[in-house]
1. Would you be able to tell me the number of residues in the stretch 208-221 that are over 18 Å from Gly35 (Cα atoms) and either within 12 Å of the chain's Cα centre (by Cα) or open to solvent by less than 30 Å² (accessible area, probe 1.4 Å) (or both)?
2. Going through the stretch 37-58 one residue at a time, which ones are open to solvent by 30 Å² or more (accessible area, probe 1.4 Å) and among the small types (Gly, Ala, Ser)?
3. Would you pick out the residues in the stretch 151-186 that are among the small types (Gly, Ala, Ser) and either in a loop (DSSP other than H, G, I, E, B) or surrounded by 14 or more Cβ atoms within 10 Å (Cβ to Cβ) (or both)?
4. Just a yes or no: is a residue in the stretch 114-133 under 25 Å from Leu233 (Cα atoms), touching a Ser or Thr at 6+ places or on another chain (Cβ under 9 Å), of a type in the set (A, V, I, L, M, F, W, C) and modelled with pLDDT under 80?
5. Quick check, is Thr68 under 18 Å from Pro154 (Cα atoms), among the hydroxyl-bearing types (Ser, Thr, Tyr), open to solvent by less than 50 Å² (accessible area, probe 1.4 Å) and modelled with pLDDT of 80 or more?
6. Going through Ile39, Ile56 one at a time, which residue ends up being at pLDDT below 85 and assigned to a strand (DSSP E or B)?
7. For Thr24, state whether it is open to solvent by 20 Å² or more (accessible area, probe 1.4 Å), over 13 Å from the mean Cα position of the chain (by Cα), over 26 Å from Lys235 (Cα atoms) and modelled with pLDDT of 80 or more.
8. Go through the stretch 208-221 residue by residue and tally those that are part of a loop (DSSP other than H, G, I, E, B) and of a type outside the set (A, V, I, L, M, F, W, C).
Amino acid sequence: MHIRHSILLLFLLPALSFAGYTFTYPEKDLEVTAGSAAIFHGVIENTGAAEASFTISTNGTTMPDDWTLTFCADGSCFPPYVTSYTYSIAAGDTASVSIDFFTNTPGTGFTYFKIEVDGEPDATDSTLFTAYTSTGIGESTDLSVQPSSFHLAPVYPNPFNSSAVIEFSLPQTAPVNLLVITPDGRRVQTLHNGTLSQGSHRFAFQSTPNMASGLYLVKLEALGRVEMTRAMLIK
């Protein structure tokens, strides 16, 4: 049995058009297991004739105390205390954004994601997204059962301050490469590079003094496959 709770992220239409820009996104409904990240992707396109300054922000956020809300834009992912960002988009260019809920327990969260264009007070928008978290009640968590699939679990805790736990399963003995990388693909740490047996495995990811707060990716390579999950470091 699954218990489902809704997260309402305030965006309004699957594609919005204003004088000077459009905002599109592939989905407005997501379901994730508690402990996973609910990530909404969008694209802003400057349809005007000149470069414009855009301000994006999250407002009126309500969510459980052990959840975290962040957003990414202009090639950077920001810590939770950053709630707005202003940057320029050239005429005809696009910019990707994402709004990320890091869930730890079942619950409900709300946020308004707002887009404003400098000098165009009428070109302002807030949009509604809905996500769901489930408890996973009834699913087996017995680690003595040999896994039949290749799977990388969500990092926990997430966000983390100094260390986080990474768990994954292998359906058979295989060479494994477990890395921590930046969103642009730069290697930060190699957690394991060698053969592991069939079953469930657990590794610790320790931050170092020279690691800045922000988003990192855990990358698992084995059996000709690659899986990745996100980890948010907050110092």
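The values are calculated or read from the model by the stated rules, or taken from the named source; none is laboratory data. Not measured: the values here are computed from a predicted model. For neighbour counting, all protein chains shown are included, and Cβ atoms are generated from backbone atoms with ideal geometry for every residue, glycine included. Each accessible area value is taken on the protein alone, full model and side chains, heavy atoms only, with ligands, DNA and RNA left out. Shrake-Rupley method; radii C 1.70, N 1.55, O 1.52, S 1.80 Å.
1. 3
2. Ala37, Ala49, Ala50, Ser53
3. Residues satisfying the conditions are Ala153, Ser162, Ala164, Ser169, Ala174, Gly185.
4. yes
5. yes
6. Ile39
7. So Thr24 passes the test.
8. Of the residues in the stretch 208-221, 4 are part of a loop (DSSP other than H, G, I, E, B) and of a type outside the set (A, V, I, L, M, F, W, C).
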